[in-house]
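The values are calculated or read from the model by the stated rules, or taken from the named source; none is laboratory data. None of these values were measured; they are calculated from a predicted model. Cβ: placed from backbone, ideal geometry, glycine included. Neighbour counts: every protein chain shown. Side chains included, ligands, DNA and RNA excluded: accessible areas come from the protein's heavy atoms. Shrake-Rupley method; radii C 1.70, N 1.55, O 1.52, S 1.80 Å.
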Amino acid sequence: SSATIVAPIGIAQSADMKFGNVATNGSGGTVVLTTGGATTKTGGVTLPANTGTVSAAAFDVTGEADYTYTITLHDGPITLEDDDAANSMTVGTFISDPSSSGQLDSGAQTVNVGATLNVDGSQEPGVYTNTTDLTVTVNYN
């Protein structure tokens with residue numbers, strides 16, 4: 001008899017999700033961040049020419065070469081708060097590339113994650129953050 005122990009699957013965040021600079025004209029809307037790091041807007045949201053830093057979140061997955069794995073994204077919205085936690089926005093509708101499964105070519109692959117930012121029409125100016133709640137889980141198939 002024999003047994004083969006394979007490399008454990010691992011995941012590490014390598015880039016934060018950043019929606020960049022956003023403005024509102026008094027009515028609410030959304031900013032949609034693609035897995036490629038591009039943004040589009042809906043409703044009363046505007047995206048200024050000075051975009052600030054815009055990037056999809058990135059997670060480096062490692063494990064046994066050529067194995068496939070499943071991807072589970074955060075379920076439900078995440079709340080972003082300003083510096084004094086007096087104001088908030090939510091982020092939801094998470095998407096990833098690859099979408100629901102991937103393959104560890106040469107034992108590694110990057111999963112990029114985008115989402116939708118919900119902006120209120122009377123959103124107060126400020127920097128809104130959440131550094132702990134975005135979770136992405138991977139498991140071997």
Subset of the range 28-53 that is in a strand (DSSP E or B) and over 17 Å from Thr90 (Cβ atoms) - its residue that is most open to solvent (accessible area, probe 1.4 Å): Thr40
Close pairs from the range 71-85: first within 30 Å of Gly10 (Cβ to Cβ), partner loosely packed, with under 15 Cβ neighbours inside 10 Å and of a type in the set (Asp, Glu), Cβ under 8 Å, at least 6 apart: His74/Asp133; Ile78/Asp133; Thr79/Asp133
For the range 92-104, which positions are outside any strand (DSSP E or B) and open to solvent by 80 Å² or more (accessible area, probe 1.4 Å)? Ser99
Would you confirm whether or not the range 57-67 contains a residue that is under 19 Å from Val113 (Cβ atoms), in a strand (DSSP E or B) and charged (D, E, K, R)? yes
Go through the residues of the range 76-91 one by one and say whether even a single one is outside any strand (DSSP E or B), closer than 24 Å to Val6 by Cα and open to solvent by 60 Å² or more (accessible area, probe 1.4 Å). no
